[in-house]
Amino acid sequence: MDGSVGVADSTAPLALHVHDVDLLNHAVSGSDLEVIQLKSGRLDAAVDHQSLGDLFVDRGTVNLPLRVQGGLDPLKYGIGLYHLGAHATWNGNKVDPSGLLFYMPGRELNGHTVADYGWTSLVIPPSWVETVSLATYRPNALQFREDCRLIHPEPLKLAELFHAIAVLKLPAPEFCDSADRSTWLITDVRNALGGALSAVDRSWPNLPYSAKAHFRVAQRAERYMRQRITEPLHIDEVCVALNVSRRYLEYAFIDAFGTSPSRYLRLLRLHEVRRRLKALGDSTTVTHEAISLGFNHLSLFSVQYKKTFGESPSATLARYA
């Protein structure tokens, strides 16, 4: 993954340190929790809340085992992610950093943690889930009778989701419109989350293999991406427009182009920046072109650009100035 941040690097410094379990009752946005300390000692917990539009991101670490139970947001879905070394049992599911928990709106969070536990939770609106569901083989793939479902994405997709979340905490570049930046950041999270949740289709049989069929679908998707290269584009929307599932689009891109649709879209954006730098020369700047294509953290963009093209964006611009 270009300039990726792995799961181990997913926690930025947290804003609030607490030493009283009662202060953890809203550790997840929209929740009302009862927390019981299971081991004697001084509790040292750190929590951080962040909101971008309809997306709420909560991060936390605790140093002692806890018993936790209570209700979650009655109107939104919850996604639980776990950092390296984290282990817990939630609603009968034994979780670790290899999986994520998908919670239905208004359901219960019930279980316990172990020492040195770190988590990230996403609280998302139903519209996100509806879009992801439309891009699955089954119309109700993400509607469960139980409170939550344990999902195991491919490791790379899980790492991409952690990466997209980590970028939310990075400072905004100078001259970047805050509203536009938020839209791009939310889109990146939605795309990464859609890829991770596509694992709900894994147990279903693949459609019959056809290299030509895969190529045609990937080609149509590529045209759709190029037409919207300057817009925050959700991969699940591409699936809906092409009437294919997210899993099928993944297979088609791997087969036809050798990479995932999310990574391919990022590469298209990088190449578009490069074309503009070469075409416009000294009449533009790296900052302007990067931000216009949704790269809202310039140092991370520079790493991705150099890894892809073997030179920095400023070096490209200097050669054509």
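The values are calculated or read from the model by the stated rules, or taken from the named source; none is laboratory data. Computed from a predicted structure; not experimentally measured. Here Cβ is always computed from backbone atoms with ideal geometry, including for glycine, and neighbour counts include all displayed protein chains.
For the reader, a short list of remarks on this structure follows.
- Test: residue in the range 200-222 that is under 30 Å from residue 48 (Cβ atoms) and either at pLDDT below 95 or in the same structural domain as residue 54 (by TED's automatic domain parsing) (or both): yes
- In the range 281-298, the residues that are farther than 20 Å from residue 178 by Cβ and at pLDDT below 95 form Cβ pairs under 7 Å with partners that are surrounded by fewer than 19 Cβ atoms within 10 Å (Cβ to Cβ) and aromatic (Phe, Trp, Tyr), at six or more places apart or across chains, as follows: 281/320.
- Meeting the requirement of 2 or more residues that are under 22 Å from residue 170 (Cβ atoms) and of a type in the set (Phe, Trp, Tyr), the helices (runs of 4 or more DSSP H) wholly within the range 212-321 are 298-309.
- Scanning the range 106-115 turns up no residue that is part of a loop (DSSP other than H, G, I, E, B), touching a residue at least 12 places away in the same chain (Cβ under 8 Å) and under 19 Å from residue 165 (Cα atoms).
- Qualifying position, being within 21 Å of the chain's Cα centre (by Cα) and surrounded by fewer than 21 Cβ atoms within 10 Å (Cβ to Cβ), among 97, 139: 97
- Residues considered: 145, 149. Of these, the only one that is surrounded by fewer than 16 Cβ atoms within 10 Å (Cβ to Cβ) and in the same structural domain as residue 59 (by TED's automatic domain parsing) is 145.
- Restricted to strands (runs of 3 or more DSSP E) entirely inside the range 14-71, those with at least 1 residues that are free of Cβ contacts under 8 Å to residues at least 60 places away in the same chain and either under 23 Å from residue 148 (Cα atoms) or of a type in the set (S, T, N, Q) (or both) are 32-37, 45-52, 55-62, 66-71.
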